[in-house]
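Chemist: Sharing a structure here in structure tokens format.
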Amino acid sequence: MQTLLVTLFNSALFHFGSALGQGHGSASATVGPTPPSVFEWKIVSNMVTCHPATVSWLYSPLFGSPLMSISISNDGVAQPVAPSTFAVGSLSTHNSRSVSRGSVLRRAPVNQEISPGLISANLPNFTWPQVNVSAGWYELQATFAVVTNVAPSVPFYVENGTDVSCLLPAAPPISTSTSTLTSKPTNRVGASSSSSPRANVIGGVIGGLVVLVGLITACTCYYRYRRRARQWTSLTSTTYTSTIFPRTAELTSKERREYITNQLAAVQTQLAGLQTKTATAADAPAPVSDSTSANLANFPNVSMAPAGGDGAGIDAEVRLRTQNETLQARIRILEEQLQSQWALGLSDEPPPGYLE
């Protein structure tokens with residue numbers, strides 16, 4: 001109570017001095033905003049996440065509106081190690097805000113209004129329904145609607161309880177110190193997060209190499225396929241080699257050629273026999289009857305010549321000549337069949353004139 005009386009007295013002196021300065025000072029002199037009242041936070045007890053918390057204050061209205069908003073912030077608040085005990089409620093002073101800075105944590109900035117809009121400072125306290133900030137050091141700030149003055153509280157600590165379902169996802173704190181790093185688990189998190197992009201890069205490079213090798217293999221196979229297709233298309237009977245076709249084609253070609261060759265040999269044998277018969281018939285004299293011989297004996301100057309005009313001899317000669325031409329034509333057909341696609345095993349369609 002003594003502290004409150006001293007505060008009220010100092011505020012009255014401040015208002016009185018401001019009034020004198022405005023009456024006797026120069027017209028160009030500027031004066032800072034006058035606080036509308038005296039507001040003091042009681043020491044805020046440590047809080048637990050996702051639990052309700054009640055904060056109290058002392059307010060002595062002088063003039064102006066008592067409406068204010070309450071927010072929580074860690075901006076500019078040092079982050080020492082977590083306290084081992086809870087503080088007891090008492091009247092706070094701004095000189096008690098100093099904290100140890102041997103080991104400081106940098107946390108994600110938080111500036112969050114916890115009151116439902118404007119509330120009256122004439123109330124003795126306010127209950128925060130649910131503490132939805134992560135563990136760390138914070139301060140409460142009372143902002144009045146009329147003047148932009150902000151009344152901060154003494155820093156307090158929020159610890160994580162068994163229930164953290166109300167918390168929003170936030171970045172993990174990074175531990176720093178004046179000399180060395182003090183939080184090994186935090187360093188491991190940093191290392192894993194830094195190694196994750198490296199692993200992604202390595203995976204991307206390996207995947208790209210696999211795709212490149214696949215493309216090269218596909219292009220090589222396609223080129224070989226096209227080259228073999230061109231060779232097969234340009235293949236003719238004269239460029240046939242046994243290494244291109246399977247062994248079944250070789251056996252088929254061999255059997256067909258042997259068959260045609262045997263037929264050719266048989267026809268050639270027939271032709272040779274026919275030619276021999278033709279030559280023999282041409283050399284033999286035509287048969288002469290007894291009466292004809294007796295009559296020729298009476299004419300010594302007439303020689304015995306073959307009766308070329310005999311009809312039977314002419315017919316025999318014509319038949320021999322026709323058979324000769326037929327056999328020669330058959331020989332030419334067999335020679336052509338011997339060089340056909342069918343005989344070479346390139347086709348299953350028999351050539352023209354083929355006889356089983």
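All of the numbers you see were taken from the coordinates with simple rules; none came from a lab. No experiment lies behind these values; they were computed from the predicted model shown. A quick note on method: Cβ atoms are made from the backbone with ideal geometry, for glycine too, and the neighbour counts reach across all protein chains shown.
Chemist: Can you give the extra length, in nm with one decimal, that the chain gains between Gln275 and Glu325 once fully stretched, where that is 0.36 nm per residue apart less the Cα-Cα distance?
Modeler: 16.9 nm
Chemist: Measure off 7 Å from each Cα along the Cα-to-Cβ vector at Ile119 and Val164, then give the distance between these two points in nanometres to one decimal.
Modeler: Each label point is offset 7 Å from its Cα along the Cβ direction, giving 2.7 nm.
Chemist: So how do Phe39, Phe156 line up by other beta-carbon neighbours within 10 Å, fewest first?
Modeler: Phe39, Phe156
Chemist: Further question on the same structure: Find out how many positive minus negative residues lie around Ala151, taking Lys and Arg as positive, Asp and Glu as negative, among other residues whose Cβ is under 11 Å from that of Ala151.
Modeler: Net of charged neighbours comes to -2.
Chemist: Assuming R0 = 56 Å, can you tell me the calculated FRET efficiency for the pair Cys50 and Arg226, based on Cβ-Cβ distance, to the nearest 0.05?
Modeler: Step by step, r from the Cβ atoms, then E = 0.20.
Chemist: Taking 22 Å as R0, compute the FRET efficiency from the Cβ-Cβ separation of Gln268 and Asp315 and round it to 0.05.
Modeler: In this case the efficiency is close to 0.25.
Chemist: Listed highest first by mean packing, meaning other Cβ atoms within 10 Å per residue, what order do 210-221, 331-342, 68-79, 133-144 come in?
Modeler: Taking the mean over residues of other Cβ atoms within 10 Å, the ranking is 133-144, 68-79, 331-342, 210-221.
Chemist: Got a sec? How would Glu40, Glu159, Glu349 order by Cβ neighbour count within 10 Å, fewest to most?
Modeler: In order of increasing Cβ crowding within 10 Å: Glu349, Glu159, Glu40.
Chemist: Hey, fewest Cβ within 10 Å first, where do Thr54, Thr49, Thr280 land in order?
Modeler: Thr280, Thr54, Thr49
Chemist: Can you tally the net charge around Pro124? Count Lys and Arg as +1, Asp and Glu as -1, for every other residue whose Cβ sits under 15 Å from the Cβ of Pro124.
Modeler: 0
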